[in-house]
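Novice: Structure in structure tokens, see below.
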Amino acid sequence: MDLEWKEKRNNERAKVEELFGYEGCKVGRGTYGHVYKAKRKDSSDTKEYALKQIEGSGLSMSACREIALLRELKHPNVINLQRVFLSHADRKVWLLFDYAEHDLWHIIKFHRAAKANKKTVQVAKGMVKSLLYQILDGIRYLHSNWVLHRDLKPANILVMGEGTERGRVKIADMGFARLFNSPLKPLADLDPVVVTFWYRAPELLLGARHYTKAIDIWAIGCIFAELLTSEPIFHCRQEDIKTSNPYHHDQLDRIFNVMGFPQEKDWVDIKKMPEHGTLMKDFKKNNYSNCSLVKYMDRHKIKPEGKAFMLLQKLLTMDPTKRITSELAMQDPYFLEDPLPTQDVFAAGPIPYPKRDFLSDEEQDDKSENKKKVFMEQNWTSQQRAAAAKVRMGGGGQEPASKRVRLGHHQSNMANQQNFSHSHMTQRNHPNQLSGRQQQHPGHVQQGAMMNYTNTQQSNNFNQRY
Amino acid sequence: MAGNFWQSAHYQQWLLDSQDLIQERRPDLEVLSEEEYQKIMIFFSNFIQQLGETLKLRQQVIATATTFLKRFYARNSLRCIDPLLLAPTSVFLASKVEEFGVISNSRLISTCQTVVKNKFSYAYTTEFPYRTTHILECEFYLLESMDCCLIVYQPYRPLVQYMQDLGGEGEVLQLAWRIVNDSLRTDVCLLFPPYEIALACIHMACVVHQKDCKQWFAELNTDLDRIMEITRYILNLYELWKTYDERKEIQSLLQKMPKPQTQPGPR
């Protein structure tokens, strides 16, 4: 490589840290890397941006895919890559996006907390419908361009906060997305297990070798149900996240507990699934004879004759060949019925959800914990400080309260959420089965969201994780 | 995108103008004649092909790697990065983009060493000189030079689709496919959309096999002048190959080629 040319290149190259301010503004941390809320230093615009520093150094396969795909995709409901920064010195790759203040993981969590406290959240009547419509539109665009998402879950569905795109859905985290019009290798060979268990379609759990559009649609069905009820419909205790075996007994059991065991006539090709033998050996269909989606949703006050339920049933169809497509789903009568879906999912009403918290840089490091806390508290408003203090004095839990203080702003919902998460866990899991691992929500093990809890909480016996 | 070429970065940013291309190559063309420049590009396309076949990559990956190399030198002089380094780097990057799976660094380097030794000893008398760190560093510069446009549309898919419509027999398709491979040794992948390249190759294959395709082409709503232009580029290549013996000439060409200055020194 020519030295002079290299030097010239290095001098011309825009450096992310010179153009953007993001120090202390981490909002996400996961296997994909770190995400910061950033602003331009020269204030040529005052917009907020999300800067994603890709995990590891250099150009991994998933970084490569993400850049290759995002460089091409353009749709109002798909996250828009503004720019790529290559930092040659430390071999880091940075991606610049518009900043999305909200995501469905946080939104649903907020509603769960409210529900647990028997409070109502004031939001637009058609919000869930608008969210679903825009998710479908984004996925329709991806699918029509031969792109599968493969990792749809609430944490990957972003919603824009105040600004020109207020209340607009942005599908994100395309790290696993891939083109599927001419796979050079069977899709399953590349990443053995990618879709988060709870949102994973039954055919994947039964060993399907190829990802399909239908797999994304199942995940959308799961998200729709979760929006309607504030509960993950196929909630299941988590085993090891990285397993190369797609067959997952507990997750299938959970699906059958909600949906019932698939009848032969409903899913003719189930016999051809690689793990069909294991399925027959492990499961008795009589155990699920009382289960159906109608009953499950009815328990959550969603009436089977409603249009929402009818569409949900088409999305959550066990047989992938019978599952509805995104185009058809968008034409469903549900979307023609009042209230109609709106571009701003909040329909110009107030946004009740808190803004994202900032995370500290060394969540695991106990020594830096105190320093960090002081630093963060300096930035709190007096109101936030008061709220935090209240929690510390015993806002609801058995652990020394100071260990559970959530860092960052928006302290006011904290006590509620902790109460709620605790009660929720004990409800769903046998206490002696719990370990740190099993409690992890697959959506937030990887998402910064979870750090709100985990950065101050390492204890195994206190379950705040969901 | 994968479905829509007309909205792709390939269409928007990487269909170049032939005048523009000449302009960009001017520094190199002060040292090399146009024909010599082309011979060097042919050599490194061959190198990528050999490397790809030894690594058992699909033609699609090889074609993308070749296009990466050509895109880089459409914007930079041969002096900036030694093509012997850029070629394996292009293969490395293309295999990730085309989702073939990542080639391990050690396998890439050892394959380069074997290929240089066994297949290109007529060009290089010394061992393949680069290591993983060079490839990784080079990859960033390649990515940067391409403005992160990684999805390359190749003529193979439209070729197969057109042939189905034309009712092409096996031998016409086979020949057209080979002509597409050969076209990677010309500038057409920088200048024309892949569907036009596919059509030109089909036309040439039909002529060779005396298959009447006049009616079919007449009914296509496409600019035949452009198809003819592509045909000229490819015919020029075949013309050159008639008298060109790479084994004899390449060493002196590589000697003449502008080279990077890797050590700080007096200028």
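The values are calculated or read from the model by the stated rules, or taken from the named source; none is laboratory data. What you are looking at is a predicted structure, and each value in this text was computed from that prediction instead of being measured. Here the Cβ is made from the backbone with ideal geometry for all residues, glycine too, and neighbour counts use every protein chain on show. Keep in mind that these areas ignore ligands, DNA and RNA; they rest on the heavy atoms of the full protein, side chains included. Shrake-Rupley method; radii C 1.70, N 1.55, O 1.52, S 1.80 Å.
Novice: Tell me yes or no: at least one residue of region B:30-43 is away from every other protein chain (no Cβ under 13 Å), open to solvent by less than 20 Å² (accessible area, probe 1.4 Å), outside any helix (DSSP H, G or I) and in contact (Cβ under 8 Å) with a residue 40 or more places away in the chain.
Specialist: yes
Novice: A follow-up question, please. Taking residue B:16 as meeting all but one of (1) away from every other protein chain (no Cβ under 14 Å); (2) in contact with a helix residue (DSSP H, G or I) (Cβ under 6 Å, 6 or more places away or on another chain); (3) assigned to a helix (DSSP H, G or I); (4) open to solvent by 10 Å² or more (accessible area, probe 1.4 Å), write down the number of the exception.
Specialist: Result: residue B:16 passes all but (3).
Novice: On the basis of being more than 14 Å from chain B (Cβ to nearest Cβ), under 17 Å from residue A:52 (Cβ atoms) and not in a helix (DSSP H, G or I), does residue A:152 make the cut?
Specialist: So residue A:152 does not fit the description; no.
Novice: Follow-up question, since we're still on this one. I'd like to check something: does region B:73-80 contain any residue that is in contact with a Leu (Cβ under 7 Å, 6 or more places away or on another chain) and either away from chain A (no Cβ under 14 Å) or among the aliphatic types (A, V, I, L, M) (or both)?
Specialist: Restricting attention to region B:73-80, the residues satisfying the condition of being in contact with a Leu (Cβ under 7 Å, 6 or more places away or on another chain) are B:74.
Among the residues that remain, those that are also either away from chain A (no Cβ under 14 Å) or among the aliphatic types (A, V, I, L, M) (or both) are: B:74.
Within region B:73-80, one or more residues are in contact with a Leu (Cβ under 7 Å, 6 or more places away or on another chain) and either away from chain A (no Cβ under 14 Å) or among the aliphatic types (A, V, I, L, M) (or both).
Novice: Which of the residues that make up region A:44-83 are over 21 Å from residue A:150 (Cβ atoms) and within 11 Å of chain B (Cβ to nearest Cβ)?
Specialist: Of everything in region A:44-83, those that are over 21 Å from residue A:150 (Cβ atoms) and within 11 Å of chain B (Cβ to nearest Cβ) turn out to be A:57, A:58, A:83.
Novice: Kindly indicate whether any position in region B:68-76 is in contact with a Ser or Thr (Cβ under 7 Å, 6 or more places away or on another chain), modelled with pLDDT of 95 or more and not in a helix (DSSP H, G or I).
Specialist: yes
Novice: When region A:338-350 is examined, which residues are found to be open to solvent by 60 Å² or more (accessible area, probe 1.4 Å) and under 18 Å from residue A:137 (Cα atoms)? Steps first, answer last, please.
Specialist: Going residue by residue through region A:338-350, those that are open to solvent by 60 Å² or more (accessible area, probe 1.4 Å) are A:338, A:340, A:343, A:348, A:350.
Those that are open to solvent by 60 Å² or more (accessible area, probe 1.4 Å) and under 18 Å from residue A:137 (Cα atoms): A:340, A:343.
Novice: Cβ-Cβ distance below 6 Å, separation of 6 or more or different chains: which pairs start in region A:154-175 with a residue that is within 22 Å of residue A:230 (Cα to Cα) and open to solvent by 10 Å² or more (accessible area, probe 1.4 Å) and end on one that is in a loop (DSSP other than H, G, I, E, B) and of a type in the set (Gly, Ala, Ser)?
Specialist: Listed by first residue and then by second, the contacts come to A:158/A:100; A:158/A:172; A:160/A:100; A:170/A:100.
Novice: Taking residue A:231 and the conditions (1) in a helix (DSSP H, G or I); (2) open to solvent by less than 60 Å² (accessible area, probe 1.4 Å), which numbered condition does it fall short on, given that it satisfies the others?
Specialist: The number of the failed condition is (1).
Novice: Right, next: Being assigned to a loop (DSSP other than H, G, I, E, B) and crowded, with 21+ Cβ neighbours inside 10 Å is the requirement here; does residue A:72 meet it?
Specialist: Details: assigned to a loop (DSSP other than H, G, I, E, B): yes; crowded, with 21+ Cβ neighbours inside 10 Å: yes.
Yes.
Novice: Let me ask you something else. Quick one: is residue A:89 within 14 Å of another protein chain (Cβ to nearest Cβ), open to solvent by 50 Å² or more (accessible area, probe 1.4 Å), of a type in the set (A, V, I, L, M) and in a loop (DSSP other than H, G, I, E, B)? Even if it seems obvious, please write down each step before you answer.
Specialist: Details: within 14 Å of another protein chain (Cβ to nearest Cβ): yes; open to solvent by 50 Å² or more (accessible area, probe 1.4 Å): yes; of a type in the set (A, V, I, L, M): yes; in a loop (DSSP other than H, G, I, E, B): yes.
Against the criterion (within 14 Å of another protein chain (Cβ to nearest Cβ), open to solvent by 50 Å² or more (accessible area, probe 1.4 Å), of a type in the set (A, V, I, L, M) and in a loop (DSSP other than H, G, I, E, B)), residue A:89 qualifies.
Novice: Condition test on residue A:38, is it in a strand (DSSP E or B), open to solvent by less than 30 Å² (accessible area, probe 1.4 Å) and more than 12 Å from chain B (Cβ to nearest Cβ)? Working first, answer last.
Specialist: Details: in a strand (DSSP E or B): yes; open to solvent by less than 30 Å² (accessible area, probe 1.4 Å): yes; more than 12 Å from chain B (Cβ to nearest Cβ): yes.
Yes, satisfied.
Novice: What about residue B:222, is it among the polar types (S, T, N, Q) and under 30 Å from residue B:125 (Cα atoms)? Spell out the reasoning first.
Specialist: Working: among the polar types (S, T, N, Q): yes; under 30 Å from residue B:125 (Cα atoms): no.
No: the conditions fail for residue B:222.
For (1) within 14 Å of chain B (Cβ to nearest Cβ); (2) open to solvent by 10 Å² or more (accessible area, probe 1.4 Å); (3) part of a helix (DSSP H, G or I); (4) among the small types (Gly, Ala, Ser), each residue gets a yes or a no:
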position: A:96; (1), (2), (3), (4): yes, no, no, no
position: A:115; (1), (2), (3), (4): no, yes, yes, no
position: A:136; (1), (2), (3), (4): no, no, yes, no
position: A:140; (1), (2), (3), (4): yes, yes, yes, no
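Novice: Give me the residue from region B:80-114 that is at pLDDT below 95 and touching a Lys or Arg at 6+ places or on another chain (Cβ under 8 Å) and, out of that set, most open to solvent (accessible area, probe 1.4 Å).
Specialist: B:102
Novice: Then there's this: Starting from residues that are surrounded by 15 or more Cβ atoms within 10 Å (Cβ to Cβ) and in contact with a helix residue (DSSP H, G or I) (Cβ under 8 Å, 6 or more places away or on another chain), keep the ones in region A:41-55 and report whichever is modelled with the lowest pLDDT. Give the steps one after another, and end with the answer.
Specialist: Initially, region A:41-55 is screened for residues surrounded by 15 or more Cβ atoms within 10 Å (Cβ to Cβ), giving A:48-55.
Right, trim to in contact with a helix residue (DSSP H, G or I) (Cβ under 8 Å, 6 or more places away or on another chain) and you get A:51, A:54.
On the way: A:51: 96, A:54: 91.
So the residue we want is A:54.
Novice: While we're looking at this one, here's another question. Could we say that residue A:71 is modelled with pLDDT under 95, in contact with a Cys (Cβ under 7 Å, 6 or more places away or on another chain) and closer than 27 Å to residue B:92 by Cα here? So that I can check it myself, show each step before the final result.
Specialist: Working: modelled with pLDDT under 95: yes; in contact with a Cys (Cβ under 7 Å, 6 or more places away or on another chain): yes; closer than 27 Å to residue B:92 by Cα: yes.
It is true that residue A:71 is modelled with pLDDT under 95, in contact with a Cys (Cβ under 7 Å, 6 or more places away or on another chain) and closer than 27 Å to residue B:92 by Cα.
Novice: Considering only residues of region B:51-67 that are surrounded by fewer than 20 Cβ atoms within 10 Å (Cβ to Cβ) and not in a loop (DSSP other than H, G, I, E, B), which is farthest from the other protein chains (Cβ to nearest Cβ)?
Specialist: Here the answer is B:54.
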